[in-house]
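What follows is calculated from the coordinates using simple rules that are stated; it is not laboratory data. Everything quoted here is computed from the prediction, not taken from an experiment. Heads up, the Cβs are rebuilt from the backbone with ideal geometry, glycines too, and the neighbour counts pull from every protein chain shown.
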Amino acid sequence: MNRARPSEQAEIRAVMDGLRRIVQALRVSARAAERRHGISGAQLFVLHQLVDGKPRSINELAALTFTHQSSVSTVVSRLDDGGYVVRKSSEDDARRSQVALTSTGRALLRKAPEPVQAHLIAGLRRLTSSDRQFLARALSVLADEAGAKDVAPRLLFDDDSRRRPTRRS
């Protein structure tokens, strides 16, 4: 193991501390969502994209959550099974389906805090474009070095695709 010089140690520690703080905030938020509301942090994040009451397509939800539509579709299926959302045909195009909140989903959102993912996105928007580009490149290298080169990026803390929320009354 190579010994890092003191300045390198401080830099690496600062990056690791930042990553740990973000992961911890996400973990605490995800556990709170599961404990208080019976849904995952990813499910809460998707629900929050519907808070304005406007039905959205899977592609719109994917854009709003900055993830792939297949990941969002999986989460929406679990929310649909739990009675938090419903899929319905678009009023503009009957071939296209849209996702809308149910009364159960609206009730949950009235009680639930805004997910940490929303705060992360707000923070990323406050960065300059060059800072976002640098961060994206640096995180990509770190992910590759961590052995996650071929890991598909899914919604944060959506690790168990088999878990279904319990239908709430």
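Points to keep in mind about this one:
- Sorted by Cβ neighbour density within 10 Å, fewest at the top, the residues THR128, THR74: THR128, THR74
- Residue-by-residue Karplus 3J(HN,Hα) for the range 128-143, coefficients 6.51, -1.76, 1.60, Hz, glycine and proline x: 6, 4, 5, 5, 5, 5, 4, 4, 4, 5, 5, 5, 4, 4, 4, 4
- Listed values (1) 1.03; (2) 1.19; (3) 0.95, entry calculated as Cα Rg over 2.2 N^0.38 Å: (2)
- In the chain, helices alone account for a calculated mean residue ellipticity at 222 nm of -18500 deg cm²/dmol, with every DSSP H run of four or more residues adding -39,500 (n - 2.57).
- Phi to ³J(HN,Hα) by Karplus 6.51 cos²θ - 1.76 cosθ + 1.60 over the range 31-37, Hz, x for Gly, Pro: 5, 5, 4, 5, 5, 7, 10
- Partners for LYS88 among lysines (Cα-Cα distance below 23 Å; same-chain residues under 8 apart left out): LYS54
- Euclidean distance between Cα centres, the range 84-128 to the range 23-50, Å: 13
- Under the simplified labelling scheme, the VAL51-ASP150 pair shows an inter-label distance of 3.9 nm, with each label point 7 Å from Cα along Cα→Cβ.
- The range 10-169, relative contact order [Cα under 8 Å, separation at least 6], %: 31
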